[in-house]
Amino acid sequence: MSEEKQSAPVQRQNAANTDRKSLVVGSAWMTAGSIISRVLGAIYVIPWGIWMGSHFHSANALFGRGYNIYSIFIIISTVGIPGAISKQISHYNSLNEYGVSRRLFYQGLILMSSMGFVAAAILYFGAPILGAGDPRMTPILQSLSWPLILIPPLSILRGYFQGFSEMAPSAISQLLEQVARLVYILGSTFVIMKMIGGNYVTAVAHSTFAAFIGAAVGLIYLVYLYMRQTPRMNEAIAQSDQNLSVSTRQIITDIMRQAAPFIILDASVSLYQMFDQYTFNPFMDIFYKLTQADNDYWYQLFGFNSNKLIMIIVSLATSMAITVVPILSSALARRDMQSVREQINNTLELFFFVMLPSSLGMAAVSQPLNTVFYRYDPWGTMVLQFNSYVAIIIGLFTVLAAILQGVYLNKQAIRYLLYGAVFKISLQYSFIYFFGVFGPLATTAVGFFVSSVFMLALLYREFHFRMGDLIVHTTQILVFSTIMFAVVYIAVYLMNFCFSSYDRVLAMVELVVAAGAGAAIYGYLVLHFRVADRLLGARVAGIRRRLHMK
């Protein structure tokens, strides 16, 4: 009996260590895939913008508006089911019920494929209405209806692999999807704009249709992996306990019940952006009486250009969020509350460890970064810098919402999202009046900050994680990030005396030098003060030895 009592803490510690390793490894895979995909998704803007010529700002605005609406339809067609599938598969696998996991996957696949067809039809035939009176939007929205047929099964396959804590398939499929998409975007745009002298609206429509091409490639890859895995799954099912009797109706009910809250993770940012899209230009017209070209310019500055770049770093938080949900669900299934508390601390510390230097670093290099991607524009630089700070709050909300869903506090997560949304909606008109293009970004920061405060307080009340340690460690990371920010900002300022601010090539040199210096400074600080060891494990000590650091 005493041996059992002694072994229980050891088992819990082993489980916690395993979960921590899964979090780091899974986050690494999802982060790598997401960041590479986001970077590729931003780089294409450089040649794409050159080929669009004088139509660049209008084309950019149309692309951004189309994708905002498309994002909402993606959410409608998936209704959070991939995240729910990942969570439930992890739950049943931890109970050694692999047969239930497979049935869960099949039922989710059927359900989502049906919803994809419905969403595609609504977007295609409703395009003239959703375009809000702009005839240029109709062909763009109709081209975005086709990928809705493929995205739901693609998402469900990603959720299936994530449920087994296999993040590599999702990351690789994201990369393949993005590469195929960008090849089609650049090829079609070059042909239309440079070879046949076509219309920029047609070029944008083909650029958005590229989402269908990318989804097809990603889906083919995941289907191939799934078919290779089938024999191993059959063996696992044969050896499972098979103690649970779960009906098809119950499986579907569980999917929908768990799926609805996942809309928070997928929809919150898109819904905020959709609200901005339908309110920014009308409010600006009231205050400033702008032309359509002016409206396109100001909207694309905050609604597309800066958002596209900050989502590269927000994807860091999204990657961690995707990884932590099945880990927390598995820990709860084991009734291991100590592991749950550890994972909350680990996830939040890892988030700040990555997000603070990334956001502050992007703010410090905002001028050369904006010049490389969108040409020199002082307003674009200021908007990108401000949005870089907002990204920290968006990322924090994303991670906290995922943690709440992983520990089955779904209703509270929805309630707190609504609290924040009320603040954003209430402040939108006055903030646009006082702050112009910065207004929507400021209300987004306020809304997500309010939601995050409520979420963090709830987690502390429910699980009593180590808030003191989190504050101390986060403060340390903030100090290191601020030092890095100051050095990089000064370096950019000094290089501007030597390099032309208008030259994209020189801006790229400036960006590489400044970013490299920032990475070196932050890396040295977290290695020297052993912050990286605490979060990333013993392998960091090997890096320190190779760098001859004590």
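Every residue in the range 510-522 that is surrounded by fewer than 15 Cβ atoms within 10 Å (Cβ to Cβ) and either in contact with a helix residue (DSSP H, G or I) (Cβ under 6 Å, 6 or more places away or on another chain) or over 15 Å from ALA363 (Cα atoms) (or both), please. Walk me through it before giving the result.
The initial filter retains those residues of the range 510-522 that are surrounded by fewer than 15 Cβ atoms within 10 Å (Cβ to Cβ), namely 512, 516, 519-520.
Across the range 510-522, the qualifying residue is only ALA520.
For the range 456-463, does any single residue satisfy the condition of being under 24 Å from LEU384 (Cβ atoms) and open to solvent by 80 Å² or more (accessible area, probe 1.4 Å)? Break it down into steps so the answer makes sense when it comes.
The initial filter retains those residues of the range 456-463 that are under 24 Å from LEU384 (Cβ atoms), namely none.
No, there is no match, as no residue in the range 456-463 is under 24 Å from LEU384 (Cβ atoms) and open to solvent by 80 Å² or more (accessible area, probe 1.4 Å).
Any idea which of (1) touching a Ser or Thr at 6+ places or on another chain (Cβ under 8 Å); (2) buried (at least 19 other Cβ atoms within 10 Å of the Cβ) is the one PHE164 doesn't satisfy?
That leaves (2) as the condition not met.
Can we say PHE485 is under 28 Å from TRP379 (Cα atoms), hydrophobic (A, V, I, L, M, F, W, C), open to solvent by less than 50 Å² (accessible area, probe 1.4 Å) and under 22 Å from the mean Cα position of the chain (by Cα)?
Values: under 28 Å from TRP379 (Cα atoms): yes; hydrophobic (A, V, I, L, M, F, W, C): yes; open to solvent by less than 50 Å² (accessible area, probe 1.4 Å): yes; under 22 Å from the mean Cα position of the chain (by Cα): no.
Criteria not met by PHE485.
Between a residue in the range 220-236 that is in contact (Cβ under 8 Å) with a residue 24 or more places away in the chain and any residue that is open to solvent by less than 70 Å² (accessible area, probe 1.4 Å) and polar (S, T, N, Q), which pairs come within a Cβ distance under 7 Å, given they are 6 or more apart or on different chains?
If the second residue must be open to solvent by less than 70 Å² (accessible area, probe 1.4 Å) and polar (S, T, N, Q), the pairs left are TYR221/SER173; LEU222/SER173.
What are the residues in the range 276-316 that are among the charged types (D, E, K, R), more than 27 Å from TYR44 (Cβ to Cβ) and assigned to a helix (DSSP H, G or I), if any? Explain how you work it out, then say what you get.
Taking the range 276-316 and keeping what is among the charged types (D, E, K, R), we get 276, 285, 289, 294, 296, 308.
Going one step further and asking which of them are more than 27 Å from TYR44 (Cβ to Cβ), we end up with 285, 289.
Across the range 276-316, the qualifying residue is only ASP285.
Please determine, by comparing only the residues of the range 199-236 that are over 21 Å from GLY159 (Cβ atoms) and among the aromatic types (Phe, Trp, Tyr), which one is most open to solvent (accessible area, probe 1.4 Å).
Applying the first criterion (over 21 Å from GLY159 (Cβ atoms)) to the range 199-236 yields 199-210, 213, 231, 235.
If we keep only those that are among the aromatic types (Phe, Trp, Tyr) as well, we get 200, 209.
Values: TYR200: 33, PHE209: 53 Å².
Checking each candidate, the answer is PHE209.
Pick from SER481, SER451, SER501: which is in contact (Cβ under 8 Å) with a residue 12 or more places away in the chain, within 20 Å of PRO368 (Cα to Cα) and in a helix (DSSP H, G or I)? Working first, answer last.
Numbers: SER451 fails: within 20 Å of PRO368 (Cα to Cα); SER501 fails: in a helix (DSSP H, G or I).
Selected residue: SER481, the only one of SER481, SER451, SER501 that is in contact (Cβ under 8 Å) with a residue 12 or more places away in the chain, within 20 Å of PRO368 (Cα to Cα) and in a helix (DSSP H, G or I).
Can you confirm whether SER451 is open to solvent by less than 80 Å² (accessible area, probe 1.4 Å) and under 30 Å from PHE287 (Cβ atoms)? Lay out the reasoning, then the answer.
Details: open to solvent by less than 80 Å² (accessible area, probe 1.4 Å): yes; under 30 Å from PHE287 (Cβ atoms): yes.
Yes: the conditions hold for SER451.
Filter the range 525-550 down to the residues that are farther than 18 Å from LEU350 by Cα and at pLDDT 65 or above and list them by number.
Answer for the range 525-550, where residues must be farther than 18 Å from LEU350 by Cα and at pLDDT 65 or above: GLY542, ILE543, ARG544, ARG545, ARG546, LEU547, HIS548, MET549.
Inspect all residues belonging to the range 151-161 and state whether any of them is of a type in the set (D, E, K, R), in contact (Cβ under 8 Å) with a residue 12 or more places away in the chain and closer than 26 Å to ALA61 by Cβ.
Step one: list which residues in the range 151-161 are of a type in the set (D, E, K, R), which gives 158.
With the extra rule that they be in contact (Cβ under 8 Å) with a residue 12 or more places away in the chain, the set shrinks to 158.
Next, only the ones that are closer than 26 Å to ALA61 by Cβ stay: none.
Looking for residues that are of a type in the set (D, E, K, R), in contact (Cβ under 8 Å) with a residue 12 or more places away in the chain and closer than 26 Å to ALA61 by Cβ, one finds none in the range 151-161, hence no.
Given the condition basic (Lys, Arg) and open to solvent by less than 30 Å² (accessible area, probe 1.4 Å), answer yes or no: does some residue in the range 416-428 qualify?
Restricting attention to the range 416-428, the residues satisfying the condition of being basic (Lys, Arg) are 424.
Narrowing further to those that are open to solvent by less than 30 Å² (accessible area, probe 1.4 Å): 424.
For the range 416-428, residues basic (Lys, Arg) and open to solvent by less than 30 Å² (accessible area, probe 1.4 Å): present.
Filter the range 464-477 for residues that are part of a helix (DSSP H, G or I), open to solvent by 20 Å² or more (accessible area, probe 1.4 Å) and either in contact (Cβ under 8 Å) with a residue 12 or more places away in the chain or of a type outside the set (Val, Ile, Thr) (or both) and give the result.
Residues of the range 464-477 part of a helix (DSSP H, G or I): 467-477.
Then keep just the ones that are open to solvent by 20 Å² or more (accessible area, probe 1.4 Å); that gives 467-469, 471-476.
MET467, GLY468, ASP469, HIS473, THR474, GLN476, listed by residue number.
Can you pull out the residues in the range 291-306 that are over 14 Å from LEU62 (Cβ atoms) and open to solvent by less than 40 Å² (accessible area, probe 1.4 Å)? So that I can check it myself, show each step before the final result.
Of all residues in the range 291-306, those over 14 Å from LEU62 (Cβ atoms) come to 291, 294, 298, 301-302, 306.
Selection gives LEU301, PHE302, SER306.
The values are calculated or read from the model by the stated rules, or taken from the named source; none is laboratory data. This structure is a prediction, so every number in the text was calculated from the model and none was measured. Using ideal geometry, Cβ is built from the backbone for each residue, glycine included, and neighbour counts are taken over all protein chains shown. For the accessible areas, the whole protein counts, side chains as well, though only heavy atoms, and no ligand, DNA or RNA atoms are used. Shrake-Rupley method; radii C 1.70, N 1.55, O 1.52, S 1.80 Å.
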